[in-house]
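**Q** Next up is a structure, given as structure tokens.
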Amino acid sequence: MAQTGVEDPKAQQILAEKIRRQFRLDRPIPVQYGMWLADVARGDFGNSYQDGRPVVGKIIERLPATVSLAALSILLGLSIAIPLGVMQAARQNSWFDRGSGTFFYVLYAVPSYVAAVVLIYWVGVKWDLLPFRGMTSDGFGQMSFLGKAEDLALHFTLITFCYTYGSIAVDSRFMRGNLLEVMRQDFIRTARAKGLPEGRVIFKHALRNSLIPILTRFALLLPALISGSVILEVIFNWPGLGRLFFEGIMTRDYPLMMAGIMVSSSLVLVGILLADLAYAWADPRISYA
Amino acid sequence: MPRGEPADLDARNPEMLVASEGESKGYWRSVWRHFRKHRSGMVGLVLFTILSIIALGGHLLAGGLPIACRYKGTVSFPAVVATFHKIPGAKYVKDMPKPFRFPQFNAKREVPKDPEGWAVWPLVPWDPNEVDPENRLKGGSDTHLLGTDEVGRDILSRMIHATAIAMLVGFISMGIATAIGLVLGATAGYLGGWNDIGISRLIEVFICVPVFYVILIVLLLWEPGIYKVMIVMGLFGWTGIARYTRGEFLKLKNLEYTMAARALGATTPRVIFRHLLPNSLAPVLVVVAFGVAGAIFVESGLSWLGFGVMPPTPTWGNILRAGFDNLRVAPHLIFPPSIAIFVAVLTFNLIGDALRDVTDPRLTGSA
């Protein structure tokens with residue numbers, strides 16, 4: 001109680017009692033948990049111990065940084081991975097297929113934080129090409145609109161790359177496998193037999209059918225990206241959710257920690273549900289009825 | 001090897017006994033035969049051997065103690081004993097020879113003083129925690145091949161000793177996960193019914209747990225330590241193994257040899273452990289191999305954040321962090337751990353992929 005500045009032992013006791021009541025420590029743990037759940041159901045995750053502000057507000061404040069990064073990473077990843085997988089499958093076992101396949105396989109074994117540290121050293125420190133701390137430079141508020149856009153784009157470059165290269169490696173392999181599987185089916189042989197050019201067979205007939213499993217990947221990827229990669233956000237000092245929860249853990253900010261676990265596990269559930277629904281929506285042969 | 005029951009069945013017919021024994025051995029032999037032809041898998045296996053040698057070498061490769069030496073008339077092998085001491089409890093079997101067991105005894109200074117003494121030193125004559133105060137954050141040189149960190153410790157020596165930590169974390173955490181996953185997966189798959197429903201729901205609950213946060217929180221609430229990292233990773237990393245085991249058991253439990261074993265009156269545990277488990281292990285090993293890669297990845301990340309393995313124990317993650325904190329002064333620190341983490345993850349990915357290829361009957365046309 002030394003830090004409270006209250007000298008009188010009786011007042012100290014009263015204060016301790018007050019704090020205990022405030023944090024519901026006078027109730028049994030199951031009751032505490034039940035009250036926490038009831039609060040969560042009302043959309044209240046409690047107040048942060050650090051500054052007394054509502055946890056929900058802090059999460060909403062950090063959402064844009066993480067969501068924009070996740071959206072950018074997913075879009076970029078898929079728009080590279082799908083064409084790459086198609087090209088690999090179209091020229092199966094060619095020099096290009098093997099070369100790019102091996103390259104991305106090896107790249108996939110590079111942990112994102114290792115890539116981040118090495119890139120920060122080369123691109124950020126040694127060549128001084130790109131910024132690597134945070135999302136904006138100092139004096140962002142005073143910049144013109146174009147200046148702001150440029151500043152954001154520069155800050156996004158390195159972290160987006162580190163976020164994305166792994167999923168490009170996985171998705172292109174996945175895409176290649178799917179397409180090759182579809183290409184073995186009867187309706188592709190029919191399409192070829194009726195004399196369609198190979199490009200049309202691939203893009204019109206095979207590609208659409210092979211895109212369905214990618215939807216699942218998309219829905220499963222979403223939660224992982226939204227709840228943020230803790231290490232990457234810490235390395236890049238990114239003002240996102242991952243770093244918010246990490247700081248919450250470091251400062252033993254229990255309401256924030258509980259919210260972090262709750263948010264990321266619910267997102268996994270939502271992701272799995274979305275994957276199942278997307279599957280049924282895209283492929284009429286599947287139904288959960 | 002599941003050879004008990006079917007062999008008993010044909011005990012009166014020696015010819016069939018040989019046949020049934022040969023068949024069950026053949027499964028693992030055929031896995032190995034296909035694996036040997038798998039080029040990237042063999043690359044992974046070679047890398048794995050190199051990593052294991054480095055990890056097991058320990059003080060023989062890098063350390064402040066001589067491998068063999070003659071000091072004051074006695075010949076001793078301090079580095080060999082130090083390497084042996086890495087096994088828990090080994091101290092009570094064979095203690096360190098006399099002067100070398102005292103921390104104040106500096107072998108490097110004392111042994112050359114003895115006129116009749118001689119010593120064979122390890123390749124890297126630096127202990128991972130030995131401080132060389134004149135060389136701090138220096139790049140590679142003849143004395144320190146890969147340079148030194150912020151307190152003047154030899155990076156090559158720390159890298160070598162960190163290899164053992166990384167491999168240990170990978171294997172022990174996946175060992176725990178495999179034990180849990182196999183038992184739960186086997187129970188769910190073989191018994192079915194309510195067991196299956198209960199365990200499947202449990203798996204789904206555990207899939208939703210954000211493991212990384214949980215590890216961070218556990219390490220914060222308890223005192224951090226290397227074994228806690230392994231235990232937590234094991235306790236939360238078994239879902240994949242359980243799912244694969246369950247799938248394998250669902251497939252295997254309706255095969256003839258299972259029915260034969262049950263018809264002969266084998267108890268449920270016997271059927272599960274003697275007959276089904278050995279035959280479902282290979283596909284599960286695929287998940288385990290990727291799991292080891294993942295565990296090494298997570299542990300290095302945790303050490304990078306300053307969690308988990310406590311200083312001064314060397315890990316790839318905390319060497320990388322030391323480099324990141326001194327990026328402008330000592331960038332030489334980031335490359336050795338980066339390459340090591342990459343190679344370790346690549347190794348287990350290669351082995352995992354190769355195992356998947358050779359245990360997939362569609363691809364090998366047998367098994």
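**Q** Among the aspartates and glutamates, which have Cα under 13 Å from the Cα of B:K228 when same-chain residues fewer than 8 positions away are ignored?
**A** The reachable aspartates and glutamates, counting only those whose Cα sits under 13 Å from B:K228, are B:E299.
**Q** Whole angstrom only: what separates the Cα centroid of region A:1-64 from the Cα centroid of region B:254-309?
**A** So the two Cα centres are separated by 44 Å.
**Q** Output the DSSP H helices from chain B with an along-axis C-alpha extent of no less than 30 Å and a mean Kyte-Doolittle hydropathy no less than -0.5.
**A** Numbers: long enough: B:14-37 (34 Å, -1.01); B:155-191 (52 Å, 1.64); B:277-305 (40 Å, 1.61); B:335-359 (36 Å, 1.22).
Flagged H segments are B:155-191, B:277-305, B:335-359.
**Q** Taking each residue in A:104-113, count the Cβ atoms of any other chain within 10 Å of its Cβ, then average. What number comes out?
**A** Values: counts 0, 5, 4, 1, 3, 12, 6, 14, 2, 11.
So the per-residue partner count for this stretch is 6.
**Q** Angle check, please: helix A:145-183 long axis (alpha carbons) against the longest principal axis of chain A (alpha carbons), in degrees 0 to 90, nearest 10.
**A** In chain A, helix A:145-183 runs at an angle near 50 degrees to the longest axis.
**Q** Compute the relative contact order of chain B as a whole-number percentage, counting only Cα pairs closer than 8 Å that sit 6 or more residues apart in sequence.
**A** Numbers: 572 pairs, mean separation 75.9, N = 367.
So the answer I get is 21 percent.
**Q** So if we plug the beta-carbon distance of A:A278 and A:A11 into 1/(1 + (r/R0)^6) with R0 = 51 Å, what FRET efficiency do we get, rounded to 0.05? Write out the running numbers ahead of the final one.
**A** Working: r = 60 Å, r/R0 = 1.18.
Given R0 = 51 Å and the Cβ-Cβ separation, E is 0.25.
**Q** Next up: Excluding ligands and nucleic acids, what accessible area in Å² is computed for A:W127 using a 1.4 Å probe, to the nearest 10?
**A** 150 Å²
**Q** Equivalent-ellipsoid semi-axes (√(5λ), Cα gyration tensor) for chain B, whole Å, largest first?
**A** Numbers: eigenvalues 423, 131, 72 Å².
Result for chain B: semi-axes of 46, 26, 19 Å.
**Q** For the residue pair A:S266 and A:I19, what label-to-label distance in nm results when each label sits 7 Å from Cα along the Cα-to-beta-carbon direction?
**A** 3.0 nm
**Q** So for the pair A:L146, B:T74, with labels modelled 7 Å out along Cα→Cβ, what separation do we get in nm?
**A** My value for the distance between the label points is 8.1 nm.
**Q** Multiply the residue separation of B:I339 and B:N129 by 0.36 nm, subtract the distance between their alpha-carbon atoms, and state the gained length in nm to one decimal.
**A** Working: separation 210, 0.36 × 210 = 75.60 nm, distance 2.15 nm.
Full-extension gain reported as 73.4 nm.
**Q** Now a separate question. Rank-order A:191-201, B:128-138, B:173-183, B:210-220 by packing density, defined as the average count of other C-beta atoms within 10 Å over each peptide's residues, highest first. Before the final figure, lay out the partial values.
**A** Details: A:191-201: 12.0, B:128-138: 15.5, B:173-183: 21.6, B:210-220: 20.0.
For the peptides A:191-201, B:128-138, B:173-183, B:210-220, the packing ranking is B:173-183, B:210-220, B:128-138, A:191-201.
**Q** Average partner chain C-beta neighbours within 10 Å, per residue of B:320-328? Mind showing how you got there, number by number?
**A** Values: counts 5, 2, 0, 3, 7, 0, 0, 7, 3.
So the per-residue partner count for this stretch is 3.
**Q** Tilt of helix A:212-226 relative to the longest C-alpha principal axis of chain A, in degrees (0 to 90, nearest 10)?
**A** Helix A:212-226 sits at roughly 20 degrees to that axis.
**Q** Here is a follow-up. With a 10 Å radius around each residue's Cβ, average the other Cβ atoms per peptide and rank B:280-291, A:144-155, highest first.
**A** Values: B:280-291: 22.3, A:144-155: 12.9.
Taking the mean over residues of other Cβ atoms within 10 Å, the ranking is B:280-291, A:144-155.
**Q** On full extension of the chain, what length is gained from B:A179 through B:Y227, given 0.36 nm per residue of separation minus the C-alpha to C-alpha distance?
**A** On the way: separation 48, 0.36 × 48 = 17.28 nm, distance 1.65 nm.
Length gained between B:A179 and B:Y227: 15.6 nm.
**Q** Same structure, new question: Just the Kirkwood number for region B:149-192, please: inverse of mean 1/r across all distinct Cα pairs, in Å, one decimal.
**A** For region B:149-192, inverting the mean 1/r across all distinct Cα pairs yields 13.1 Å.
**Q** Compare each residue of region A:239-267 in its chain alone against the assembly with all protein chains, and report those whose accessible area goes down by 50 Å² or more; 1.4 Å probe, heavy atoms.
**A** A:F246, A:I249, A:R252, A:I261
**Q** What is the spin-label model distance, in nm, from A:S287 to A:A71 if the labels are put 7 Å beyond Cα along the C-beta direction?
**A** So the label points at A:S287 and A:A71 sit 3.5 nm apart.
**Q** Please give every one of the lysines within straight-line cross-link reach of A:K58, meaning a C-alpha to C-alpha distance under 18 Å, and leave out same-chain neighbours fewer than 8 residues apart.
**A** Excluding near neighbours in sequence, the set is empty.
The values are calculated or read from the model by the stated rules, or taken from the named source; none is laboratory data. Predicted model only: the values in this text are computed from it and were never measured. We place every Cβ from the backbone using ideal geometry, glycine too, and count neighbours over all the protein chains shown. Keep in mind that these areas ignore ligands, DNA and RNA; they rest on the heavy atoms of the full protein, side chains included. Shrake-Rupley method; radii C 1.70, N 1.55, O 1.52, S 1.80 Å.
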